[in-house]
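Following: one structure in structure tokens, then a few remarks.
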Amino acid sequence: MSSATETTPRQEMAPAASTSETSRRHDGRVRPRARGKVVGWVRGGGLSTLVFFLPMLVCFGFFSWWPILRSLPLSIQKTNFLTSEWVGLANFGRVLADPLLGTAAWNTTWFTILALVIGFPVPILLAVFIAELRKTRGLASGLVYLPVIFPPVVAVLLWKAFFQPGPDGLFNTLLGWVGLGPLAWLNDGNLAMPSIVLQATWASFGTATIIYLATLMSIQTDLYEAAETDGAGVFRRFWHITLPQMRGVILVLLLLQVIGTFQVFTEPYIMTGGGPENRTVTILLLIYRYAFISGDYGRATALSLMLAAVLCVLSALYLWLTRKWSTS
């Protein structure tokens, strides 16, 4: 006859149903299990990981999120940072009533359209061309990426010199060789924005080309060999194999380019200052004028938040499409 303190085989097989669970059964609380999870998290290295990343998180929060949070009260104040007055939504009303806002919005949209028409196909075609090279692919990739390493301000000033309106300007000299020009370039209201787009395209197409090239290199060569066996030419292979395989990357880069073009500032600020006749004033350049020329920080912050709202919508669209394409 077994004693009352003797354990059964079943009890021996489940000892550790664990101390925390047993405690919870007796007192009806889940605290021991939660404490066990915390202890397991600390023993698993969670605390050391948090301590390791804490300085980075603090810097990221201070320099990235604190200005955004600080802009919320500024947008409903009339302030010069020495004195402040609460004005509610008046700053937003003044921004919307400014006739220059429509001009800046259109100029930004026009820049985006030109950047897509002029600049978007170039990296794709260059990547396809470089992918066809065998011996000089590395050299061609380096040359294509070379403009990206130029400091942005140096590149803009260099192109501004190229666009000199006199007959001695570089581009007017080239036009003179074929009996054209000279053109006013940045001083012409119709040519100023396309000229800026040309410079921006030259400065940025290298990165997109390298991304497209990496995508092309990952496409299975069996597909092209099968297409060649079936008699498909270069154009049919590009249309039926290359483009479908690159569809996801193309659409993601398209959205990123649209988001980036809405934030164009350096090129119009340095090359034209918004002229001639405000034909190259963009949204960010208008924000700069509000803040640092008019000293109206409240209105500048209000317009910044309005632009941020538009970019948030585009970013949400980008994340949704990225998730959709990654699972399709």
Next item on the list: Go through segment 199-242 and give me each residue that's β-branched (V, I, T) and over 31 Å from the mean Cα position of the chain (by Cα).
Entry: T221, T229, V234
Item checked: Given (1) out of contact with any Gly (no Cβ under 8 Å at 6 or more places or on another chain); (2) open to solvent by less than 40 Å² (accessible area, probe 1.4 Å); (3) in contact (Cβ under 8 Å) with a residue 40 or more places away in the chain, index of the condition I219 fails -> (3)
Next item on the list: Taking only segment 81-103 into account, find how many residues are in contact (Cβ under 8 Å) with a residue 24 or more places away in the chain and open to solvent by 50 Å² or more (accessible area, probe 1.4 Å).
Entry: 3
Margin query: Considering only residues that are closer than 30 Å to I196 by Cα and touching a Gly at 6+ places or on another chain (Cβ under 9 Å), which ones fall in segment 74-103?
Written below: R94
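Results for (1) polar (S, T, N, Q); (2) open to solvent by less than 20 Å² (accessible area, probe 1.4 Å); (3) over 25 Å from P73 (Cα atoms), shown as yes or no for each residue.
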site: P244; (1), (2), (3): no, no, yes
site: Q263; (1), (2), (3): yes, no, no
site: Y269; (1), (2), (3): no, no, yes
site: G273; (1), (2), (3): no, no, yes
site: A302; (1), (2), (3): no, yes, no
Notebook entry, point to check: Hey, among L314, L251, which residue is in contact with a helix residue (DSSP H, G or I) (Cβ under 9 Å, 6 or more places away or on another chain), of a type in the set (A, V, I, L, M, F, W, C) and open to solvent by 40 Å² or more (accessible area, probe 1.4 Å)?
Noted result: L251
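Let's see how each residue does on (1) modelled with pLDDT of 85 or more; (2) of a type outside the set (A, V, I, L, M, F, W, C); (3) part of a helix (DSSP H, G or I); (4) surrounded by fewer than 10 Cβ atoms within 10 Å (Cβ to Cβ):
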{"position": "R33", "(1), (2), (3), (4)": "no, yes, yes, no"}
{"position": "V51", "(1), (2), (3), (4)": "yes, no, yes, yes"}
{"position": "L57", "(1), (2), (3), (4)": "yes, no, yes, no"}
{"position": "F62", "(1), (2), (3), (4)": "yes, no, yes, no"}
{"position": "I68", "(1), (2), (3), (4)": "no, no, yes, no"}
{"position": "P73", "(1), (2), (3), (4)": "yes, yes, yes, no"}
{"position": "A105", "(1), (2), (3), (4)": "yes, no, yes, no"}
{"position": "T112", "(1), (2), (3), (4)": "yes, yes, yes, no"}
{"position": "V117", "(1), (2), (3), (4)": "yes, no, yes, no"}
Next item on the list: Please name all residue pairs, on different chains or six or more residues apart, with Cβ atoms under 7 Å, provided the first residue is in segment 237-265 and is within 19 Å of W110 (Cα to Cα) and part of a helix (DSSP H, G or I) and the second residue is open to solvent by less than 30 Å² (accessible area, probe 1.4 Å) and of a type in the set (V, I, T).
Entry: V258/T112; T261/T112
Note to self: Return the pair list, or none, for Cβ contacts closer than 6 Å from residues in segment 176-195 that are in a loop (DSSP other than H, G, I, E, B) to residues that are of a type in the set (A, V, I, L, M, F, W, C) and surrounded by 17 or more Cβ atoms within 10 Å (Cβ to Cβ), at least 6 apart or on different chains.
What the structure shows: L191/W185
Notebook entry, point to check: List pairs: first in segment 295-307 and among the β-branched types (V, I, T), second part of a helix (DSSP H, G or I) and buried (at least 18 other Cβ atoms within 10 Å of the Cβ), Cβ under 9 Å, 6+ apart or cross-chain?
Noted result: T301/L74; T301/N91; T301/I287; T301/Y290
Next item on the list: State all residues of segment 173-198 that are over 16 Å from L116 (Cβ atoms) and open to solvent by less than 60 Å² (accessible area, probe 1.4 Å); if no residue qualifies, say none.
Entry: T173, L175, G176, G181, A184, W185, L186, D188, G189, L191, A192, S195
Next item on the list: Kindly indicate which of A227, A232 is open to solvent by less than 40 Å² (accessible area, probe 1.4 Å) and either touching an Asp or Glu at 6+ places or on another chain (Cβ under 6 Å) or without any contact (Cβ under 8 Å) to a residue 12 or more places away in the chain (or both).
Entry: A232
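Whether any residue in segment 122-144 is touching a Gly at 6+ places or on another chain (Cβ under 7 Å) and either surrounded by 15 or more Cβ atoms within 10 Å (Cβ to Cβ) or over 21 Å from I219 (Cα atoms) (or both) is what I want to check. If you could, list the steps in order and put the result at the bottom.
Applying the first criterion (touching a Gly at 6+ places or on another chain (Cβ under 7 Å)) to segment 122-144 yields 144.
Checking the rest, the ones that are also either surrounded by 15 or more Cβ atoms within 10 Å (Cβ to Cβ) or over 21 Å from I219 (Cα atoms) (or both) come to 144.
Yes.
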Margin query: Here's a check for you: in segment 274-297, which residue that is closer than 13 Å to R94 by Cα and at pLDDT below 90 is farthest from the chain's Cα centre (by Cα)?
Written below: D296
Next item on the list: With the checklist (1) part of a helix (DSSP H, G or I); (2) open to solvent by 40 Å² or more (accessible area, probe 1.4 Å) in hand, flag the one item Q164 doesn't pass.
Entry: (1)
Note to self: Given (1) of a type outside the set (S, T, Y); (2) exposed (fewer than 12 other Cβ atoms within 10 Å of the Cβ); (3) not in a helix (DSSP H, G or I), identify the lone condition not met by K78.
What the structure shows: (2)
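The values are calculated or read from the model by the stated rules, or taken from the named source; none is laboratory data. This is a predicted model, so every value here is computed, not measured. For neighbour counting, all protein chains shown are included, and Cβ atoms are generated from backbone atoms with ideal geometry for every residue, glycine included. The accessibility values were calculated without ligands, DNA or RNA, using every heavy atom of the protein model including side chains. Shrake-Rupley method; radii C 1.70, N 1.55, O 1.52, S 1.80 Å.
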